[in-house]
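Enquirer: Here it is, the structure in full.
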Amino acid sequence: MSYYKILGLDKEPFSTSPDPEFFYQSQEHQAALTRLLIEIRLRRGLSVILGDVGTGKTTLSRKLFQMLKERPDTEFFMILDPTYETEEVFLDSLLRTFQLQLDKTQPTLLDMKETIKKYLFQKGIQENKTIILLIDEAQKLNQASLEVLRVLLNYETNEFKLLQLVLLAQLELLPKIREMKNLMDRISMKYIINPLDDVETKEMIEFRVRQAGYRQRHPLFNEDALSEIYQYTQGYPRRIAMLCHQALKALVMNNKTVVDRDIVRDVVAQEVI
């Protein structure tokens, strides 16, 4: 039997997989999500979400996808690892992402760009659809790939951009974009996600436990444990999830009912997170 079943849970509450059902919307995440939705609705073009490793950018992207994927007027595409050595490789990946095929067996770069351009004009103008391309880990994009994206952002009508581009990245992306003034100028919205504070850390843990089906009266984590978790993780959601996961396993192994400060400290001391 899984440890979470023993504790009266239906699901694992602290998986580090980006499950939108376990996405705790802090003030920062809610602000980022709301602004993204506004930019996409207005079809403004380029939105950039920045944050350190483990601040919840990927889970935010899955939540955005969940909210928009069923809309008949929207087509949503994601690239999760944008590591491309050349412009040609990146363009080929975009064609496959958009599920486009070329008539030529050996297409040129211009052929690739024209095919994508025709697709965007057809979907955006003739079919009046919003095309969203979300790129996670966007700090991996090289200058050639960024230049391709800049060109795609040139495709527009008098009222809106044909491609809604969302870049989620670590902060190191910013200097790359700053080197390209003609791309920097195209950023419609930039938002930096910071870690949670102590109150939000507590709320995130309690939210995830509830989402996992916990219905007992006594809490799984006492106040001292919650304070200790915040001190160690400094509010980074991924670190919180990893520490809480190990703490719950230790709870079961020690045949206890509540995670306290000692359990948290033991887990940290064992360096198993």
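Enquirer: If you take the residues in segment 232-260 that are within 18 Å of Thr59 (Cβ to Cβ) and touching a Lys or Arg at 6+ places or on another chain (Cβ under 8 Å), which one is surrounded by the fewest Cβ atoms within 10 Å (Cβ to Cβ)?
Expert: Out of the qualifying residues, it is Thr233.
Enquirer: For segment 243-267, give me each residue that is in contact (Cβ under 8 Å) with a residue 40 or more places away in the chain and closer than 18 Å to Asp198 by Cβ.
Expert: Cys244 - this is the single residue of segment 243-267 that is in contact (Cβ under 8 Å) with a residue 40 or more places away in the chain and closer than 18 Å to Asp198 by Cβ.
Enquirer: So, in segment 17-28, how many residues would count as being touching a strand residue (DSSP E or B) at 6+ places or on another chain (Cβ under 9 Å) and either among the small types (Gly, Ala, Ser) or modelled with pLDDT of 95 or more (or both)?
Expert: Kept after step one, since they are touching a strand residue (DSSP E or B) at 6+ places or on another chain (Cβ under 9 Å), are these residues of segment 17-28: 26, 28.
Now narrow it down to the ones that are either among the small types (Gly, Ala, Ser) or modelled with pLDDT of 95 or more (or both): 26.
Summing the residues that are touching a strand residue (DSSP E or B) at 6+ places or on another chain (Cβ under 9 Å) and either among the small types (Gly, Ala, Ser) or modelled with pLDDT of 95 or more (or both) in segment 17-28 gives 1.
Enquirer: Is there any pair linking a residue in segment 185-213 that is within 18 Å of Phe14 (Cβ to Cβ) to one that is of a type outside the set (Ser, Thr, Tyr) and assigned to a strand (DSSP E or B), with Cβ under 9 Å and at least six apart or on different chains, and which?
Expert: Final answer for the pair search is Pro195/Gly51; Lys202/Phe221; Ile205/Phe221; Glu206/Phe221; Val209/Phe221.
Enquirer: Give me the helices (runs of 4 or more DSSP H) completely within segment 217-273, filtered to those with at least 1 residues that are modelled with pLDDT under 95, ordered by residue number. Break it down stepwise before answering.
Expert: Numbers: elements: 223-233, 237-253, 261-270.
Once the helices (runs of 4 or more DSSP H) in segment 217-273 are filtered for at least 1 residues that are modelled with pLDDT under 95, what remains is 237-253, 261-270.
Enquirer: Based on what the data block shows, is Ile229 within 21 Å of the chain's Cα centre (by Cα), over 22 Å from Ile49 (Cβ atoms) and buried (at least 20 other Cβ atoms within 10 Å of the Cβ)? Even if it seems obvious, please write down each step before you answer.
Expert: Values: within 21 Å of the chain's Cα centre (by Cα): no; over 22 Å from Ile49 (Cβ atoms): yes; buried (at least 20 other Cβ atoms within 10 Å of the Cβ): yes.
When the stated conditions are applied, Ile229 does not pass them.
Enquirer: Hey, another quick one. Among the residues of segment 125-158, which ones are in contact (Cβ under 8 Å) with a residue 40 or more places away in the chain and more than 25 Å from the chain's Cα centre (by Cα)?
Expert: If the condition is that a residue be in contact (Cβ under 8 Å) with a residue 40 or more places away in the chain and more than 25 Å from the chain's Cα centre (by Cα), then Asn128, Glu156 are the ones that fit.
The values are calculated or read from the model by the stated rules, or taken from the named source; none is laboratory data. This one's a predicted model, so the numbers in the text were calculated from it and none came from an experiment. All Cβ positions, glycine included, derive from the backbone under ideal geometry; neighbour counts span all protein chains shown.
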